[in-house]
Structure formats: C-alpha cells, structure tokens
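Heads up: the structure comes next, in structure tokens.
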Amino acid sequence: MSEDQKEVKQEKDYSKYFQSTFKAPSLKEARRRRKNTIQYLNDFSIPEDMKTIGQGKQFMIQTYGCQMNEHDTEVMAGILSEMGYTATEDPEVADVILLNTCAIRENAENRVFGEIGHLKTMKRERPDFILGICGCMAQEESVINTILQKHPQVDLIFGTHNIHRLPQLLKEALFSKEMVMEVWSKEGDIVENLPKVRNGNIRGWVNIMYGCDKFCTYCIVPYTRGKERSRHPKEIIEEVRSLARQGYKEITLLGQNVNAYGKDLKELENYGLGDLMDEIRKIDIPRIRFTTSHPRDFDDHLIEVLAKGGNLVEHIHLPVQSGNSDILKIMGRSYTRERYLDLFHKIKNAIPHASFTTDIIVGFPNETDEQFEDTMSLVKECEFDGAYTFIYSPRAGTPAAKMEDNIPMEVKKERLQRLNKLVNEFALKKNSQLYGEVVEVLVEGTSKKNSDVLSGHTRTNKVVNFRGPKSLIGELVNVRITETKTWSLTGEMVKEASVISE
Ligand code: SAH
Ligand code: SF4
Ligand code: F3S
C-alpha cells in the first residue's frame, strides 16, 4: 500500500462501511441465543480461482490464547495450504500475516496491539503483505473501533465464525484497496470438512464442541465464541480414529465447557461426555485428554467412565475460580465452595492417582480479605498439582465490568503473590511424591534448554526431562524420577519393562 492509499484509509468514515461493505461485531447481537439456528455445514471447498492464489507465497499465523485458538490456527493453516501458500516463521518474508487473537484479559489484548504496532513499521517498508486480525478480539466492538482509528494499516479482519470464509476474504483483501472486515455476531455454525495442517504428529486436538452458554459474569468467551454447540459423536469418533491410524499418540478433546457436551444434540437423548468418552476409550490410541471442565456439569457417569482408566488419562483440569460461595455466586458459576469440594473428593476417590489443576481469579470486584482467604484454604484442602492464577480483568460488555470495585490493584497483586506461593508449594509437594517412581512419558521432543535432553509429559500431565536418543520422540517410555522441581521432573530411562506406578 502506498502512503497515499494509507492516507485514504485514514480519512475514511468507517461508520458508513458498517452499514454497507463491512460486517462489524456487536456484543449485543452475540449475546442473543436463538433456538434451532445452528447449521451443520459439510460443503467447504476452495473456489477454483483461489486454489493457486498462494503459489510461491508464504503465510505466518501468530496465535494467542487457549487451545481452541491453537486449533483454529491449524484450520487456517490447512485452508491457506490448500490455496497454495506455504508456512513460514519469518515475518520478514511472509506475504500473509494473521494474528489469531485472544480477548480473555486486558494484557492479552495489549500484547496483540503491541504486535500490530510493530508490524505497522514493517508495513511501511513492505506495504504489499496482507496483515489480518482474527480470533476473539475481532469479535469485540471496542477492538474494532481502536483498529479503525489507530491501525488503518490492517488489511483484513474476520471473526471466529468466519474462518471458513478465509479464501473469499483473503481474495477481497488482495484486490481491494480498503480494509476488508467480516465478523458475524451470532450463535455460530458447525463446519465439518475444513482442512487442517496439524502442529506435529504426536499430539492432536479434536474439537468436540464450540462456544459457551455459561455467561460467567466476568467472561467474554460466550460473546466471542457463540452458543454451546456439540459436534455429532460420529464425526468426533471418525476424527479420533483417523488420527490414531496416522500414528498420533495423544488426543485432547476440546471445548470451553466440555461437560455440557451433548446437551444440544436433540436427536440423541441424554447423550453426554461420559457416553462419548466411553466410546472413545475403545479406540486404539494410547492417551485421551479433555479440557476444559466446568464443575457444574461434571456428572457421575463421566466419573465412572474416567475411572475405567486405559487410555483415559488421570488428569482433571477443574477450574474453581474462587473458594468463596458468595463470590462464586456473583461470578455466576452456579456452584458453591461445598459443591466444588464434594465433586473434587468424589473424583479423587474414584480415580486415586489423578492429578488436579485449576484456574483461579483473584481480585474479583469487592472481594474481601476473608473471601480471598477462602480461596487460600480451598487450595490447601485440594492440594492442586498446579493452577493458572489471574488478577481479574474487566471485559467491556460483561456484567462484572459494570460492578463498582473498591479493591486497590496493590492489594490484588499482593493476593496473587501469596496465592502463587501457595500453589507453587503444593506443585512441588505433589511432584516430590513421584521421587523414585517409574512413570510413563510420551516423548514429544527435546528440552527447550538442552537439545541432548528429551522432554515429554506423564499421563498426569507433568513435564519430564531425561536423556535418551532422539529416535524415542513420539514413543511412550518408562522413566524413573530422580529429581523433582516445582514445574518439572527429571529422570532416567528404565530399560526393563516395568509396571507404571503412577
Ligand atoms: N471455560 C473455562 C475457562 C476459559 S478462560 C472455564 O470455565 O473454566 C480461562 C480462564 O481465564 C478462566 O478459567 C478464568 O480463570 C480466566 N478468566 C476468564 N475471564 C477472566 C477475566 N475477565 N479476568 C481474569 N481472568 C479471567
Ligand atoms: Fe467463560 Fe465461564 Fe464459559 Fe468458562 S464457563 S468460558 S469462564 S463463561
Ligand atoms: Fe482467549 Fe478466545 Fe480462548 S478469548 S481464551 S482465545 S476462547
């Protein structure tokens, strides 16, 4: 784009485009949940005139946020590859750069704005590459307004429901002089036959459902990802089988709230995650994980099925958010401290070797010291193997963002530090219990710090480093733990076949 064109973009009155050319996001629209409007599409194909559009060109996708986003990136990489593009990790040579963004907290968004600013400079030197913004931030009105006002160099914006439209949108961006924007604020559809270029061939992600209907009062996801909608079990099982045939060793089933799986599948009465897991465990693949669980819908049947073990691994990520029932209530989590603890102990009794991790928010509006202490005492009772901890971040458009908050940031930071210290103590304690034990490790690659060292995860999702030949990458290996740290374990390969004592 020339300087002149950039000027033109800056001077445009974009409000007019919202009425005609552009489809901009609306959180209000996104909040609406209509009945029976989900479409199951199976007719994705790249239009003839776009099949070679990327020949000799390269793309780069930078991904932020959760596994759902990582997996969407695999789909976009699949689509771009079918258009002839090849992948690069070097932004200097990329013809298309997409930022697949996350809106969960303000700092996630700031990182993306920082990157856009950085790429703007590159755009001045190399105006012809296409800069696209997609993912959850693209679903937010405030973000779009900021981009229009401050970052007119962006060529393309599309939302989480528009990924299958990438060929058409990219074509428009390549030939139009204006910013191309298409964001649908709707329940969402399910598009089944999208191509994927997966990251690696050892561990694979499989979506089992999309969206979230829980509307926790602090959370933006139900607005950016649409309504809870489940894929049909047949499609999921076929995808897992196909990955098993290709030699994948581990599958992670994905959804924002996987325990709500099946509720919307009217044609299958009472079919839930437990039923799905019971079918998937019969597939010949060593490991099956799932994420993320919501305590509300974690039912007895699922616990019963998980307790059968086999390829269903012993790791439960069960976000609690707070240990205080009043805070949980204002968060809209629909369980109390007591119900969480009951569920926690029920699962623990059924699967004694399970590891547990959680998510915790500190500094929710007006959280008192006593309420925070309830979170600390819950962590002490559960002795989590690990926890993702966050300071509450107000998200425009959510109910919590409207709550007045009298707690100073200093206090919140102090609480986070104390919580992290406690979480780390338990992480170390849990890891120390594995000293001298033999664990099964899926070798995923070499250690980031030392390329002579192999690295992988246990069934309980702990990182293990040990020395061994690179030929073991992709294999399941028994390792005796010789050193335990807070976030990882070190060990030695056990030559003889031995019982996994994890
Ligand atoms: N669906 C998952 C979580 C998805 S988001 C669940 O319900 O558990 C991942 C984590 O980000 C959440 O568990 C929560 O701890 C955190 N989070 C979400 N919104 C947040 C906000 N506004 N501020 C701070 N943390 C937030
Ligand atoms: Fe957000 Fe709650 Fe849905 Fe999780 S369950 S994605 S925290 S609204
Ligand atoms: Fe972020 Fe969207 Fe995932 S907001 S956490 S990328 S669903």
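Across region 189-236, what is the number of residues that are among the polar types (S, T, N, Q) and within 16 Å of ligand 2 (Cβ to nearest atom)?
Total meeting the criteria: 4.
I'd like to verify a number: residues in region 78-98 that are more than 24 Å from LYS120 (Cβ to Cβ) and not charged (D, E, K, R), how many?
Result for region 78-98: 6.
Within region 320-329, how many residues are within 13 Å of ligand 2 (Cβ to nearest atom) and either in a strand (DSSP E or B) or surrounded by fewer than 21 Cβ atoms within 10 Å (Cβ to Cβ) (or both)? Walk me through it before giving the result.
Looking only at region 320-329, we keep the residues that are within 13 Å of ligand 2 (Cβ to nearest atom), and these are 320-322, 328.
Now drop any that are not either in a strand (DSSP E or B) or surrounded by fewer than 21 Cβ atoms within 10 Å (Cβ to Cβ) (or both), which leaves 321.
Of the residues in that region, 1 qualify.
Out of GLY211, GLY262, report the one residue that is within 15 Å of ligand 1 (Cβ to nearest atom), at positive phi and either among the charged types (D, E, K, R) or crowded, with 17+ Cβ neighbours inside 10 Å (or both).
Testing whether each residue is within 15 Å of ligand 1 (Cβ to nearest atom), at positive phi and either among the charged types (D, E, K, R) or crowded, with 17+ Cβ neighbours inside 10 Å (or both) leaves just GLY211.
Would you kindly identify the strands (runs of 3 or more DSSP E) lying entirely within region 71-174 that contain at least 1 residues that are in contact (Cβ under 8 Å) with a residue 60 or more places away in the chain and within 13 Å of ligand 3 (Cβ to nearest atom)?
Hits in region 71-174: 130-135.
Looking at ARG395, is it closer than 30 Å to THR482 by Cα and either among the basic types (Lys, Arg) or within 16 Å of ligand 3 (Cβ to nearest atom) (or both)?
Spelling it out, it is not the case that ARG395 is closer than 30 Å to THR482 by Cα and either among the basic types (Lys, Arg) or within 16 Å of ligand 3 (Cβ to nearest atom) (or both).
Going through region 216-257 one residue at a time, which ones are within 16 Å of ligand 1 (Cβ to nearest atom) and acidic (Asp, Glu)?
GLU228
From SER377, SER355, SER393, grab the single residue that is under 25 Å from the mean Cα position of the chain (by Cα) and more than 16 Å from ligand 1 (Cβ to nearest atom).
The unique qualifying residue is SER355.
Can you tell me which residue among VAL411, VAL423, VAL464 is buried (at least 20 other Cβ atoms within 10 Å of the Cβ), touching a Gly at 6+ places or on another chain (Cβ under 9 Å) and in the same structural domain as HIS317 (by TED's automatic domain parsing)?
Sole residue among the options that is buried (at least 20 other Cβ atoms within 10 Å of the Cβ), touching a Gly at 6+ places or on another chain (Cβ under 9 Å) and in the same structural domain as HIS317 (by TED's automatic domain parsing): VAL423.
Just to verify a result, which residue in region 76-123, among those that are over 24 Å from the mean Cα position of the chain (by Cα) and among the hydrophobic types (A, V, I, L, M, F, W, C), is surrounded by the fewest Cβ atoms within 10 Å (Cβ to Cβ)?
My answer is VAL93.
The values are calculated or read from the model by the stated rules, or taken from the named source; none is laboratory data. The structure presented is a predicted model; accordingly, all values stated were derived computationally and were not measured. Don't worry about glycine lacking a Cβ; one is built from the backbone with ideal geometry, like all the others, and counts go over all protein chains shown.
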